[in-house]
1. Taking other Cβ within 10 Å of each residue's Cβ, how do Ile592, Ile45 sort, fewest first?
2. Using θ = phi - 60° and the Karplus form 6.51 cos²θ - 1.76 cosθ + 1.60, what ³J(HN,Hα) does each residue of the range 500-509 get, whole Hz, x for Gly and Pro?
3. Tell me the trypsin sites (Lys or Arg not before Pro) within the range 368-470 that lie in a loop according to DSSP and have at most 11 other beta-carbon atoms within 10 Å.
4. For Asp390 and Thr140, what is the calculated FRET efficiency with R₀ set at 56 Å and r taken between the beta-carbons, to the nearest 0.05?
5. Could you quote the convex hull projected area for the range 286-341, Cα atoms only and averaged over all directions, in nm²?
6. Compute the separation of the alpha-carbon centres of the range 385-436 and the range 255-323 and state it in Å as a whole number.
7. Out of all Cα-Cα pairs in the range 92-209, roughly what percent, to the nearest whole number, are more than 23 Å apart?
8. What lysines sit close enough to Lys445 to cross-link, taking a C-alpha to C-alpha distance under 17 Å and skipping anything fewer than 8 places away on the same chain?
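Laboratory data are not the source of any read-out in this text; all were calculated from the coordinates shown. A quick note: this is a predicted structure, and the numbers were derived from the prediction, not measured. Positions of Cβ are generated from backbone atoms using ideal geometry, with glycine treated the same way; all protein chains shown enter the neighbour counts.
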Amino acid sequence: MQKSQTRTAARPQSPMQWVSWTALGIIGSALVAVGVVRADEPKMIKSHGYSFYGDLKYPADYTHFDYVNPDAPKGGEISLSTLGTFDSMNPYSRKGRGGALSYMMYESLLGEGTANEAAPADVYGEAYCLLCESLEYPETKDWVIFYMRKDAKFSNGDPVTAHDIAFSHNLLLDQGLQSYADAVRKRIPKVEVIDDHTIKFYFTDGISRRSLIDQVGGVPAWSRKWFEETGARLDESRLTTSPGSGPYVVEDVDVNRRIVYKRNPDYWGKDLPFNVGRNNFDRIRVEYFGDENSALEAFKAGEYTFKVEGNSKNWATAYDFPKLDAGYVVKEEVPDGAPPSPSGIVFNLGREVLQDKRVREAVSLGFNFEWTNESLQYGLFEQRASFTQDTPLMATGVPEGAELAFLQSLGDLVPPEMLNEEVRMPHTSKPERLLDRRNARRAMKLLDEAGWAVGDDGKRRNAAGEPLRLTFLLNSAGSATLSAVVENFMSNLTAMGIDAVLEKVDSSQYTSRERDRDYDLVFDAYAAFLGTGTGLHQRYGSEAAEYSLFNPAGLASPLVDAIIDASLQAKTSEEEEATLKALDRALRYEFIMIPAWYKDSYWTVYYDMYEHPADQPPYGLGYIDWWWHNAEKEAALKAAGALR
């Protein structure tokens, strides 16, 4: 994207006026060139894929995605690890803890990749037909028709029909997440099955057309026949799985120990251009472990063969064992071109004490990134500042040009400091000692101003004598390094006079309490964004702030809502960029979390029998998608005793 230029014309007086400013000029030019088009005759678009602006990288006759190896051999097994427990193979319910990759058997009209890898992974904001062969919609995007592939089948041999798609859409509304259902009902009032392989979705008048076609095109396809015959519900915890139409099926489930998926030899879509060079493993095995150390030792022993390392201590110190020295194990950094997840220490804004930004500021000053990075993380990370870190959508400095014009159009919703001061950046600390004295003094002054005075016992209390107590919820099965980071952070809070309580709970309790937002502080993440969409409301908006699983802070900001609304009305990529820069600036101003660390690469370690394309795409690692198995290398590892 190119940087938008400062406007010289009179500034629009509202977000809606601002959004349409550029569009007016475009429309005017178009009228001169082609004449007025009747309102009842919108241009019709029929395509093999979809993007909001209509531009697609891959033509209708594409043979495969550019980054895959179309000649990749099929076969072998890739085995992975995860921590914790599971008690369900239904990942679409709030009840229970879903098994790893349990959503990977299901496809949609506009396809996603295996294990939710974006497809294709070398572009953003484009989707291509999978269960459909084409889609058709008017230029106004008031509705969309999908023409489905007649050879698509579920793993039990039943055809995938438009009736299944309509059933799946309605099942999500009736039994899915409330935040999802509430959002979709407002935007998609009707679905019509035209015939067995043709389905039409209607969209509500007067709303943004953003994310509507993407939304209905991305619904997982479930078998209506299976749900009706079994009486199963989407909102229940269960170990049985409905048949999917995807390349893999469940082979074995051993609760809390392992899950094995096998390639469906009768997979209907194996020869589609969408799938060429993908889905290359015969089996995908996931092993469960109770803690990180057990998982690491099991990898060294060859109990599983591929690991994405997230622990900096392990990356720096743990991979010096004989198999790696002998070349049997590969340690590789793979570039990651996507913005990092906006992770960090999240404030629960539902807690009255944390609604005071001065308290949040003070608490944040107890986090010493520089000491943490050097002392606990081997200096391997950078500190994240933005929700769109290192992308063209990252807000910098003071707003200017199109971003400034847009923010000014929002009027009194925008605090003056957002217009006149530089965008919020994380505080800096000295790495020499855990408690930075300068930051501690600033924090204690803020707490005094907020009415939390230090008593004779060194504890901070309000005027009613109530202590300032903050509870941090942590998963006991998580990273030992994260646990150490949190423990040191909490010790700094204690030194400030805060009654800081660390609650370590097992995986099932953690999942339940996280869903119920039963915490003051938690290490969590939001979703990064490279474009606009109605999902921004579910993640950052007020409409589902009280219960959305994707908004762990419970953020409800009229300013953020207005920016998202305006971004959904953007008519050009330049307008969209300006609104999303403003969104990043506003989210940082609202200060819902203490930003954590990030890196711009994946840390992978694997037994030397896996290969990948030389040029990896920017938006995915793809190790169970477009990597492949080398049978000769596996045989050599076994002959050398490196693998059983």
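1. Details: Ile592 25, Ile45 14.
Lowest to highest Cβ neighbour count: Ile45, Ile592.
2. 9, 10, 9, 10, 9, 10, 6, 4, 5, 5
3. Arg433
4. It comes out at approximately 0.95.
5. Over every viewing direction, the Cα hull of the range 286-341 projects on average to 4.8 nm².
6. The two parts, judged by their Cα centres, are 39 Å apart.
7. Numbers: 2603 of 6903 pairs.
Cα-Cα pairs in the range 92-209 separated by more than 23 Å: 38 percent.
8. Lys357, Lys459
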